[in-house]
Amino acid sequence: PTKNFESLQLQFLKNLSENINETDHLILGGDWNTILDKDLDKKGGIVEITNAKYNDKLKAFIEATDLVDCWRVLHPNQKKYTWCQHKPPVHCRLDFWLISFEILNTLSFTQIKP
C-alpha cells in the first residue's frame, strides 16, 4: 500500500492555500487522511493523531478560509466512519467535505454511505 508522508500532505495544503482567493466559495472533499475530532471521528487504535503537524495545519487552513465540515455541522454528535480495518479494529472518518460557511445554509442534508 502507498504510505502518506506528512511532508507531502503539508505541501498539498501550502499549494491549496496559495491557489485560492478569500472571496472564493469553496467545496473541497475527499480523503484527507486525518480526523478532525479524535473523540467523534475515531474508534479504536492509538488515541494520538500520528500526523499531528498536518492535522494542525489542516485545522488552521479550515479556520483561515472560513470552511466548515458540513457533515459534522448537521450531525454534531453522531459517530460514523468512512474507513475501517479489522485487526486490530479501528474506525475513522477520514473522508469529509469542507464548504465555505457562507454556503452552508444552502445545504439541506448530508449523509455517509458505504
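Within the range 79-100, can you find the residues that are open to solvent by 40 Å² or more (accessible area, probe 1.4 Å) and either within 15 Å of the chain's Cα centre (by Cα) or touching a residue at least 40 places away in the same chain (Cβ under 8 Å) (or both)? Give the steps one after another, and end with the answer.
Narrowing the range 79-100 to residues open to solvent by 40 Å² or more (accessible area, probe 1.4 Å): 79-89, 91, 95, 97.
Lys79, Lys80, Tyr81, Thr82, Trp83, Pro88, Pro89, His91, Asp95, Trp97, listed by residue number.
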Checklist outcome for this item: Note on Val68: of the conditions (1) open to solvent by 80 Å² or more (accessible area, probe 1.4 Å); (2) modelled with pLDDT of 95 or more, unmet is (1)
Item to check | Single residue of the range 11-32 satisfying the filter (open to solvent by less than 50 Å² (accessible area, probe 1.4 Å) and under 25 Å from Cys92 (Cα atoms)) that is nearest to the chain's Cα centre (by Cα) | outcome: Trp32
Item to check | Close pairs from the range 40-58: first surrounded by 13 or more Cβ atoms within 10 Å (Cβ to Cβ), partner of a type in the set (Phe, Trp, Tyr) and in a helix (DSSP H, G or I), Cβ under 9 Å, at least 6 apart | outcome: Tyr54/Phe12
Checklist outcome for this item: Quick count over the range 1-55, residues being under 26 Å from Cys84 (Cβ atoms), assigned to a helix (DSSP H, G or I) and of a type in the set (Asp, Glu), is 1
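The values are calculated or read from the model by the stated rules, or taken from the named source; none is laboratory data. Every value quoted in this text rests on a predicted model; they were computed, and no experiment measured them. Glycine also receives a Cβ, built like all others from the backbone with ideal geometry; neighbour counts cover every protein chain displayed. With ligands, DNA and RNA removed, areas are computed over all heavy atoms of the protein, side chains included. Shrake-Rupley method; radii C 1.70, N 1.55, O 1.52, S 1.80 Å.
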